[in-house]
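Heads up: the structure comes next, in structure tokens.
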Amino acid sequence: MAFTLLSDLKAGRCSNTAEVRLLRVWEARNINKGMELMSLDMLLIDENSTVVHGTVSALLQLRFRPRMTEGSVYTLSGFDVTRSSPKYRLSDAPVAIRFNDGTEFEKLATTSRTIPTEHFRFRPYDQILGLANTGRQLPDVMGELSAIRSTITDRIPGAQRVMLNLRLESDTTVCVSIFDSLALAFHSKLDVYGKEPRIVVVTAVNPKLVSGKLALPSGGTDQAGSSSKVVHAQKIEPMTVSELNQFIFTADPQIIEFLCTAKVTEIQLDEGWCYIGCSTCSKKLIREETSFTCVPCNETNAVAKLKYRVILSVSDDTGAAAFLGFDEEIASLTHVLASDAAHIVGIGTNAQVDIDLPRSLANLVGSTYTFQLRLKDFNFGPNHRSFTISRIFPARDLAPKPTFSDGGEDTDQSIPQSVATGLDVGAGIVNNGADQLTDADGARMVHEAAASGEDAGEATARKKARVE
């Protein structure tokens, strides 16, 4: 049988048959719609080492997914050929493949053709730097593993992290961050190996410049070899309010977490205590004349839901500060949803939330809590006014405190990003061990802290809430 080569494909319906190896397959999910499955994506390669990006729609994935095994060889026919997207490209081919109702995809037990079992698009450091912030290409990088840092051993709920220090061929040290369920999967893989890998391949990195530093959020890793150093998670450092305020003036901009035990002295109300957010992604909605629009969800008739955005004035024996808490953290503390504490009256530009400060929030004044705070680059700028809360614990409880520390080189923690387009894990890389990096949150949404307002009078004062 004569087979069509991937390099000969033209746009349109292809009735010919291609013989290809399935290099990788992964699920593409929409993080703004509850991780809804959008498609199955894959990389296919033929005997000429031509790699093409393939897609199966969510409606057809149940038909094809059970027969897909990475590394196996298949015959493929009856598919659609489209132009490759100019954004986030995973191959150099000018076309892409889309499965349809008439597509045949059959696994072969053997083949007479020599089809590569792997293919990488490695780029030198200067070329990766040139791709930063363009969103055009997702290249691969490979480096020597020098250290692994992990929070998995703390066994706490919420975000988990594994950070890998890599030294590239150019002798540049970078850091890869893997988060949440993918961090757990990577950690389990290390346990199966019985020893740490020496060489790590990171696939589908998306180069970005963050605060002037190169960051490469990634889609996947492969490992081989051994003899790196594992560094287990240790506690986040506690700080007084005065030390916290001093830190942002003396330290370099970075992403880092601290614990601070302080008393709530006031609920600041100059900017209100809530906002009208999207019921799906929680982002602030845009008010149209007769509806709400959610830009992240691309929804022009979004369902609105009230969300917390509360600025707490706090103090300890050393000083005072403003801590900013969002919906999840405040609802967990008060046991009252913002949507239960108040109601949205009207819609679009006429929508209002006009009630007194809820008792559940007023009751926080005078109580002492241990706050886990996440500092980002903007905290170190001249417009800094508040610290964003990531978790809240009663002062009497012992809060879990993961961070990274070892006896050797210190590497800063990562900053969030919105989407990771990739294969197996989300990761972030920076251009040297002391620089900042981004993480994939794979797919985890991160609150975006805004600057707080001025002090708002007496702690027990009752003011009308203002929602913007």
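The values are calculated or read from the model by the stated rules, or taken from the named source; none is laboratory data. None of the values given here were measured: they were computed from a predicted structure. FYI the Cβ positions are ideal-geometry reconstructions off the backbone, even for glycines, and counts take in every protein chain you see. Remember, those area values only see protein heavy atoms, side chains included, never the ligands or the DNA or RNA. Shrake-Rupley method; radii C 1.70, N 1.55, O 1.52, S 1.80 Å.
Restricting attention to region 285-295 and to residues that are farther than 25 Å from S386 by Cα and under 22 Å from the mean Cα position of the chain (by Cα), the residue that is least open to solvent (accessible area, probe 1.4 Å) turns out to be C294.
Candidates S282, S242: the one that is at positive phi and open to solvent by 20 Å² or more (accessible area, probe 1.4 Å) is S282.
Scanning region 131-150 for residues that are within 19 Å of T173 (Cα to Cα) and not aliphatic (A, V, I, L, M) yields P139, D140, G143, E144, S146, R149, S150. From the residues in region 65-100 that are in a loop (DSSP other than H, G, I, E, B) and polar (S, T, N, Q), which one is nearest to T17 (Cα to Cα)? The selected residue is N100. Sub-8 Å Cβ pairs linking a first residue in region 1-17 that is within 16 Å of R98 (Cα to Cα) to a second residue that is among the basic types (K, R) and open to solvent by 90 Å² or more (accessible area, probe 1.4 Å), at least 6 apart or interchain, are A11/R83, ordered by first then second residue. For region 275-308, give me each residue that is assigned to a loop (DSSP other than H, G, I, E, B), without any contact (Cβ under 8 Å) to a residue 24 or more places away in the chain and either among the hydroxyl-bearing types (S, T, Y) or closer than 15 Å to S339 by Cβ (or both). Residues satisfying the conditions are L285, T300.
Within region 335-363, being within 30 Å of E243 (Cβ to Cβ) and either surrounded by fewer than 21 Cβ atoms within 10 Å (Cβ to Cβ) or at pLDDT below 90 (or both) holds for A362, N363.
Of the set (1) buried (at least 19 other Cβ atoms within 10 Å of the Cβ); (2) of a type outside the set (S, T, N, Q); (3) more than 21 Å from R13 (Cα to Cα), all apply to Y74 but (3). Residues of region 80-99 that are within 21 Å of R63 (Cα to Cα) and open to solvent by less than 20 Å² (accessible area, probe 1.4 Å): V81, A96, I97, F99.
Any residue in region 238-267 that is more than 15 Å from N379 (Cα to Cα) sitting within a Cβ distance under 9 Å of a residue that is among the small types (G, A, S) and assigned to a helix (DSSP H, G or I)? List the pairs, counting only those 6 or more apart or interchain. Cβ pairs passing all conditions: I267/A362.
For region 117-131, a residue qualifies if it is surrounded by 13 or more Cβ atoms within 10 Å (Cβ to Cβ) and assigned to a loop (DSSP other than H, G, I, E, B), and the qualifying residues are H119, F120, R121, R123, P124, L131.
Of L37, L62, which residue is over 30 Å from R123 (Cβ atoms) and in a helix (DSSP H, G or I)?
Exactly one of L37, L62 is over 30 Å from R123 (Cβ atoms) and in a helix (DSSP H, G or I), namely L62.
Please work out if T370 is among the hydroxyl-bearing types (S, T, Y), surrounded by fewer than 20 Cβ atoms within 10 Å (Cβ to Cβ) and at pLDDT 90 or above. For T370, the condition - among the hydroxyl-bearing types (S, T, Y), surrounded by fewer than 20 Cβ atoms within 10 Å (Cβ to Cβ) and at pLDDT 90 or above - is met. Residue count for region 146-167 under the criterion of being open to solvent by 10 Å² or more (accessible area, probe 1.4 Å) and either of a type in the set (A, V, I, L, M) or at pLDDT 75 or above (or both): the result is 5.
The condition of being closer than 25 Å to F179 by Cα and surrounded by fewer than 18 Cβ atoms within 10 Å (Cβ to Cβ) holds for only one of T110, T114, T134, that being T134. The residue that is nearest to N100 (Cα to Cα), among those in region 40-71 that are exposed (fewer than 14 other Cβ atoms within 10 Å of the Cβ) and not charged (D, E, K, R), is L59.
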